[in-house]
Amino acid sequence: MQEAKSLKTYRKECQESLDNEYLRSALDKFAVAYRVGRDKAFSEIDVEELVSEVADMKDETLKSLDQYLEQFARKAEEAGVVVHYAKDAEEANRIINEIGTKAGCQKVVKTKSMTAEETHLSHSMIDEGFEVTETDLGEWIIQLRDEPPSHMVMPAIHLSRYHVRDLFSEVTGKQEDEEIEKLVKVARHQMRRKFVEGEMGITGANFGVAETGSIGIVTNEGNARLVTTLPKVHVALLGIDKLVPTIGDALSQVKVLTRNATAQPITSYVTWVTGANQCGASEGETKEVHYVLLDNGRREMVADPLFSQVFRCVRCGACANVCPVYRLVGGHKMGHVYIGAIGLILTYFFHGEENAKHLVQNCINCEACKDICAGGIDLPRLIKEIHARIQDKDGQPIPSLLLSKIMRNRKLFHTLLRTAKWAQKPVKGEDGFMRHLPMMFFKEHDFKALPAIAEKPFRDIWLEIKPRVEKPKYRVGLFSGCVQDFVYPEQMVAAVELFQDHDVAMVFPMEQSCCGLPVQMMGDKKVSREVALQNLKAFIGEEVDYIVTLCASCASHLKHTYPVLLENNSKLAGQLSDFCEKVIDLSSFVHDVLKVTPEDFDGDGKKVTFHSPCHLCRGLGVHDAPGNLMRTAGMEYTEAAESEVCCGFGGTYSAKFPELSAQLLNNKLDNVEDTGADLLLTDCPGCIMQLRGGLKKRDSAMEVKHTIEALAERRKQQKK
Amino acid sequence: MTDTKEQVATSKSDYEKFMERAEIAAAKVSTIQAFEEAVKYAIDLCLERPLNRYAISDEQVTTEGERKVIAAPALSPSEYELLKEESAAHSIDCLDSGMRNHLNGVDVGLSYGDLGLAETGTLVLNCPNEELRLATMVCEYHVCVLPKSKIYNDGYEAEEQLRKFMLDAPNYTAFITGPSRTADIERVLSIGVHGPLELHILILED
Ligand code: SF4
Ligand code: SF4
């Protein structure tokens, strides 16, 4: 459970996780295996269609939430259930404690429930004198360690068989074997008595079905069946977001939930309990059943037009499974109670700003979570929004304030960059890498060499090389972004050369500035909006068919975030949508628009591989164009393992969490070096900076270039 | 047992798919022509497998002198008679009620499935009857007879049936797919945590 008081402490705790070798290797293996399993589980299903179907269903449910809640409660009551509403965690716990006391129960058996974790129900009951046993194997293990879960579906994923052996040996009073099969049987034997003795059973619920008043519980072990059957009292604690209108709707959710969570077509058990069933332990042979419907910040959350989509979450945990940061630090550092991307968001609403404020900064914005989400929730955007809200209230930290100040003024920013070129002189090496960067907030960046500012920015070079194209086929506006303008102008020059060959007329509006993503990442929405407006205005009046950028992050930010940032600017609405429509990334432009062919190139069979920037593959949905281009240009392309996993740059993230960024980079470099390629290509200058620096530190012979450079170098020069 | 399902949906492929998927989920599937075969199957299984009991009080658990038990609370009277007779011949006890007195373990649970869902190889048990519920949860080995005509393609196709079950409240409907399992230790799949260690599905040609 993450509750560090300062960002510094939080970073230190993350470092401890990084040093935990067992955790790291377990999560690495899981991240790779999960992808494979999930693909298989969905092989017969149109995932996107299913996800959007479930999302629509939940959105519709939300519109009439009160009506469905009323129907659910009425049906349940007709079937003999007592229904309670709890406005917050404290009230839910009080209600449940009272039920137990009134019914004269002492021994409580529980199934895994994130909602009960949310309210800290077990602790509250133990404080009241109940004996509470977690019956789910993973939950029991962490209960024995007095620890919170580190994953929403696999609570003990951070522990090895040896940890479990030692815990179980303490329980049984004899030395247990570490063989997993045997450990599972220890739990089977120990738990049987707990089930038999349990007087009160507590479960969560994955669904509340309005039309029948049923609850649905999804499990693999079978403990939920025993917990809902043997004790004389059953209490189900469920958030009001678990409501679905019909059984069919619940079935659709099962379909996506189990596949996305554990790559199973379905779990061993899905248990549907409707009303007060027959129970030999209860008076009158009828079980005493209670549903406790929990709000605890949910209504406030879903009333917010942006956050209402969180209502679709089925708690599958997939957003943690694919999160590169989760993979490094584990659930105890990537969440308070709820874990992963959704954890960062729910912490803010359920457990308060104090607990959320450091967590929400630990997102590298790679969009892997959004891409995999069973509810189609735009998680990274919501995380950024919370970050911004907290900063608006608490004020920005100094480095970020400084950055904002500089960024809102293009001239100042560019002047500073030009000056930095001189400031770096004494420390710049022969090879274009700086040994130290004299910038205050980069002081812990030394895991990689940083690039130097170029002699001449692209905006100056452009004035000299601007080509005249007779009878152009396309007219293109170039958007350079700050890195390609000031650090890697040669990449822009390469684009100009290749475009010119293909009769592309170009313009480069001088008023353009940084795309604004760095300030957005720092949580400053206001400046981010100002910069967006400035860039939009720079292109208004330019007669172009496309706006091409060599930076995938810029492209995705211009295309997908500008509409959101500037949505209230009705005066420019037309120009805005025209602008966003025209934005295209380099590879897509060359591949889909210019449609280059092998005849355009002199191939040399160079061994290449590719790092797919987050904002290219997920942000823009481009997966195949770069690989195809490499082959078209006569290079020998080998795909690297996990080529679509983040390299750890994440703009300002690498300055804020340098240790995590360094580890992500290391994983990436291992994978690309394994391909045996001599040249690594990618489509984002930020990634290039990160990768080149990292390879340099490793003394690797592998070169890193932008795709456009590799293409331009292999052009058939004689064509013109 | 509920209405038989319309003829149209009884395609061979649902049945084949059910067999295939249930096996992927680690269930053992066979086909039988008559209920008598299920009795024989249950008894053979009961004889083959070791006897296992659980400590449910401070008393030491012992298997010495214990007789094996088949629990079958929801058979028709004639079916139960047959089971009892055959079991007795092998010194196996049978019970059709009083499951709460056998929570220290029964060997085999014998039941009928109400529906089969081919897409996932899932058995659906409509079990508001507590004895039936307990028999299928507490037993070491669950043998379930599923009439072939009750196999649907998926939950959506069986939605009306499911709704009928649940609207007839109180109700307890169980989807069962393979044996009880966990991956909670090192993500290694292990079979048989709290529920049955094995699931045997006998598809009854009808
Ligand atoms: S955007 Fe990437 S880093 Fe951020 S929460 Fe999602 S998966 Fe994790
Ligand atoms: S946010 Fe999406 S991916 Fe994460 S737990 Fe919820 S449904 Fe699953």
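Per the helix-only calculation at 222 nm, which mean residue ellipticity applies to the protein assembly as shown, given -39500 (n - 2.57) for every DSSP H run of n ≥ 4 and division by its residues, nearest 500 deg cm²/dmol? Could you put the intermediate results ahead of the total?
Details: 40 runs with 405 residues, N = 926.
That comes out to -13000 deg cm²/dmol.
Count the DSSP beta bridges whose two residues both fall in chain B, then state the antiparallel fraction as a percent rounded to the nearest 5. Don't jump to the answer; show the numbers that get you there.
Numbers: 9 of 34 bridges.
Roughly 25 percent of the beta bridges in chain B run antiparallel, per DSSP.
Provide the gained length on full extension for the span residue A:3 to residue A:463, in nm with one decimal, where the gain is 0.36 nm per separating residue minus the Cα-Cα distance. Working shown, then result.
Values: separation 460, 0.36 × 460 = 165.60 nm, distance 5.35 nm.
My answer for the length gained is 160.2 nm.
Which cross-chain or sequence-distant (5 or more) residues have an amide H under 5 Å from the amide H of residue B:198, H modelled 1.01 Å from N in plane?
When sequence neighbours closer than 5 places are left aside, the close amide H contacts are B:142.
At a 10 angstrom cut-off on C-beta neighbours, averaged per residue, how do the peptides A:656-663, A:127-134, B:164-171 rank from highest to lowest?
Details: A:656-663: 22.2, A:127-134: 17.4, B:164-171: 19.9.
Top to bottom by mean Cβ count within 10 Å: A:656-663, B:164-171, A:127-134.
Hey, could you pull the Cα Rg and Dmax for segment A:596-718, both in Å?
14.4, 49
Which far-off residues, 5 or more places away or on another chain, put their amide H under 5 Å from the one on residue A:83, with H placed in the peptide plane?
Answer set, sorted by chain and number: A:291.
What nm distance separates the two modelled labels at residue A:88 and residue A:102, each placed 7 Å from Cα along Cα→Cβ?
It works out to 2.3 nm between the two label points.
For chain A, give me every cysteine whose Cβ has no other Cys Cβ within less than 4.7 Å, ordered by residue number.
A:14, A:105, A:279, A:313, A:316, A:323, A:363, A:373, A:580, A:617, A:647
How many Å² of accessible area per residue for the protein assembly as shown, probe 1.4 Å?
Values: 35050 Å² over 926 residues.
Heavy-atom SASA per residue in the protein assembly as shown reads 38 Å².
Step through the residues of segment A:128-138 one at a time and calculate ³J(HN,Hα) from phi using the Karplus curve (6.51 cos²θ - 1.76 cosθ + 1.60, θ = phi - 60°), rounding each to whole Hz and writing x for Gly and Pro.
Karplus-based 3J(HN,Hα) across segment A:128-138 equals 7, x, 7, 9, 10, 10, 7, 9, 5, 3, x Hz.
Given a Förster distance of 41 angstrom, what is the FRET efficiency for residue A:52 paired with residue B:129, based on the Cβ-Cβ distance and rounded to 0.05?
Numbers: r = 40 Å, r/R0 = 0.98.
The value I calculate is 0.55.
Can you give me the Cα centroid spacing of segment A:47-98 and segment A:111-137 in angstrom?
Distance between centres, Cα-based: 21 Å.
When Cβ neighbours within 10 Å are restricted to other protein chains, what is their mean count per residue of peptide A:185-195?
Details: counts 5, 0, 6, 10, 6, 2, 3, 10, 8, 1, 6.
The shielding value for this peptide is 5.
Give the residue list of trypsin sites (Lys or Arg not before Pro) in segment B:56-88 that are DSSP loop and have at most 11 other beta-carbon atoms within 10 angstrom.
Details: sites: B:67, B:68, B:84; in loops: B:67, B:68.
Sites meeting the loop and neighbour criteria: B:67.
Separation between the residue A:308 and residue B:33 pseudo-spin-labels, each 7 Å from Cα along Cα→Cβ, expressed in nm?
6.3 nm
Work out the mean other chain Cβ neighbour count within 10 Å for the residues of A:129-141 and drop it here as an integer. List each step's numbers first, then the result.
Numbers: counts 0, 0, 0, 0, 0, 0, 2, 4, 7, 4, 1, 1, 2.
Across A:129-141, the average partner-chain Cβ count within 10 Å equals 2.
Looking at segment A:596-718 only, what percent of DSSP beta bridges run antiparallel? Nearest 5 please. Mind dumping the intermediate values first?
Values: 1 of 11 bridges.
Roughly 10 percent of the DSSP beta bridges within segment A:596-718 come out antiparallel.
Explain nothing, just compute: Karplus ³J(HN,Hα) = 6.51 cos²θ - 1.76 cosθ + 1.60, θ = phi - 60°, for every residue of segment B:123-132 in order, whole Hz, x for Gly and Pro.
8, 10, 10, 8, 9, x, 5, 5, 4, 5
Taking Rh as the Kirkwood radius computed over C-alpha pairs, what is the Stokes-Einstein D of the protein assembly as shown at 20 °C in a medium of viscosity 1.002 mPa s, expressed in µm² per second? Don't jump to the answer; show the numbers that get you there.
Working: Rh = 30.2 Å.
Using the Kirkwood radius from Cα pairs, D works out to 71 µm²/s.
Cα centroid distance between segment A:23-41 and segment A:236-259, in Å?
Each part's Cα centre sits 25 Å from the other's.
Please give the Cα centre distance for segment A:317-378 versus segment A:518-584, rounded to the nearest Å.
Value for the Cα centre distance between the two parts: 27 Å.
Under 14 Å from a point 7 Å along the Cα-to-Cβ line of residue A:59: which residues of segment A:350-372 have their amide N that close?
In segment A:350-372, the label zone of residue A:59 (backbone N under 14 Å from the point 7 Å along Cα→Cβ) covers no residue.
If ligands, DNA and RNA are left out, what is the accessible area of residue A:267 with a 1.4 Å probe, given in Å² to the nearest 10?
10 Å²
If you take all C-alpha pairs in segment A:471-596, what percent of them are over 22 Å apart? List each step's numbers first, then the result.
On the way: 2479 of 7875 pairs.
I get 31 percent for the Cα pairs in segment A:471-596 exceeding 22 Å.
Chain pair A, B: how much accessible area is buried, both chains summed, with a 1.4 Å probe, in Å² to 100? If you can, show how the numbers build up before the last one.
Values: alone 29570 and 10940 Å², together 35050 Å².
Roughly 5500 Å² of accessible surface disappears when A and B pair.
Among the DSSP beta bridges whose two residues both lie in chain A, what percent are antiparallel, rounded to the nearest 5?
Details: 14 of 61 bridges.
Taking every DSSP beta bridge with both residues in chain A, the antiparallel ones total about 25 percent.
Assuming R0 = 51 Å, what is the FRET efficiency of residue A:66 and residue B:51, from their Cβ-Cβ distance, to the nearest 0.05?
Numbers: r = 55 Å, r/R0 = 1.08.
Efficiency at R0 = 51 Å is approximately 0.40.
What distance in nm separates the simple spin-label points at residue A:33 and residue B:61, each placed 7 Å from Cα in the Cβ direction?
It is 2.7 nm.
The values are calculated or read from the model by the stated rules, or taken from the named source; none is laboratory data. Bear in mind that the values here come from a model prediction, so they are computed numbers and not experimental data. FYI the Cβ positions are ideal-geometry reconstructions off the backbone, even for glycines, and counts take in every protein chain you see. Areas reflect the complete protein model, heavy atoms only, side chains present, ligands, DNA and RNA absent. Shrake-Rupley method; radii C 1.70, N 1.55, O 1.52, S 1.80 Å.
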